[in-house]
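Single-structure report; data block below.
Only the coordinates and a few stated rules stand behind these numbers; no lab work does. What you see is a predicted model, and the numbers here were worked out from it, not measured in a lab. FYI the Cβ positions are ideal-geometry reconstructions off the backbone, even for glycines, and counts take in every protein chain you see.
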Amino acid sequence: MKNTRTPSLVATTLLLAGCVLTCSTASAGSQWKWRDATGAIQYSDRAPPPGTPEQNILAKPSAAKLPTKGPDLAASAAALVTAAPSSKASDPELELRRQKAEDDKLAQKKADEEKAAKQRADNCQRARGYQRSLKEGMRIARTNAKGEREILDDKARADESARTQEVVQSNCK
């Protein structure tokens, strides 16, 4: 019988087998290996349970690095610092990342506070302008639920003036 396989089919098969082997070894490198309390060897993609002695941990993942981007950088850094307080002093890169995450958090908080202060200032300016219009006796109309225009009478003007005064007091500090 004649061999019907072509060299390109053999090469493709070998390439595919190599890819499968590479993928399986890459995932194996990210596993934990430890000896449990009964002496059996355990494999997992998660860390061994708390209380496992360090000498019973046989292998740690090789790709255990912090994420460099993402909204949960501060949470990841805080979790690592909490999980391994001794690494804080020995790993300057971790400390720098934690500090950067804290700085980013403070900068975001400051930006939010500035935005809120600007919004309060805008509300204050509008409320004072409306209050001036109410005091000067300007005719003010509103649209009711039926879509009709209604002019404010004296009672409605007094109520509106009191409400506007509260807005001025809360936003103009």
Condition first: part of a helix (DSSP H, G or I), surrounded by fewer than 14 Cβ atoms within 10 Å (Cβ to Cβ) and among the hydrophobic types (A, V, I, L, M, F, W, C). Can you find one or more residues in the stretch 144-154 that meet it?
no
Residues that are part of a helix (DSSP H, G or I) and closer than 30 Å to LYS115 by Cβ, drawn from the stretch 155-173:
GLU160, SER161, ALA162, ARG163, THR164, GLN165, GLU166, VAL167, VAL168, GLN169, SER170, ASN171
In the stretch 155-173, which residues are farther than 16 Å from ARG128 by Cα and surrounded by 10 or more Cβ atoms within 10 Å (Cβ to Cβ)?
ALA156
